[in-house]
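The values are calculated or read from the model by the stated rules, or taken from the named source; none is laboratory data. From a predicted model like this one, the values you see are computed outputs, not experimental measurements. Here the Cβ is made from the backbone with ideal geometry for all residues, glycine too, and neighbour counts use every protein chain on show.
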């Protein structure tokens, strides 16, 4: 016969792990909706949060504000970096003015700036642009590169 304390501990551990697992699955599957705001704003989106190693990542830059934003040649528009801040890839997109709700697409082939393949892991996609009065606007999101 098993001690009551052991049975209670095992059953409560199993229940807690099931509830926590369901919660994490719910969070991972949520789709974030784009929200448009008053004033200058930029948003970055990707098709999905998880990519296989070597799969092309389509990055969408969206003017999510009511004012024009500018992709300028003196500021790296897209940066891919590790969670610790190490920048693996930077791209200067051609200068462009984005009107309200306009989009610009960029495909990243999961290569570093030196041409080598990134490893599996979690990466941050940073987008940097200027607002009408030359203030820097940024947005970021996290993607996972899986084997």
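Points to keep in mind about this one:
- The strands (runs of 3 or more DSSP E) found wholly in region 1-90 and carrying at least 2 residues that are free of Cβ contacts under 8 Å to residues at least 60 places away in the same chain and assigned by TED's automatic domain parsing to the domain that holds residue 136 occupy 57-63, 78-82.
- A residue that is loosely packed, with under 15 Cβ neighbours inside 10 Å, touching a strand residue (DSSP E or B) at 6+ places or on another chain (Cβ under 9 Å) and more than 19 Å from residue 118 (Cα to Cα) occurs nowhere in region 77-86.
- Scanning region 42-57 for residues that are within 12 Å of the chain's Cα centre (by Cα) and surrounded by 17 or more Cβ atoms within 10 Å (Cβ to Cβ) yields 43, 44, 45, 51, 57.
- Scanning region 62-71 turns up one or more residues that are farther than 18 Å from residue 37 by Cα and out of contact with any helix residue (DSSP H, G or I) (no Cβ under 6 Å at 6 or more places or on another chain).
- Members of region 118-139 that are under 14 Å from residue 90 (Cα atoms) and assigned to a strand (DSSP E or B): 123, 124, 125, 126, 127, 128, 129
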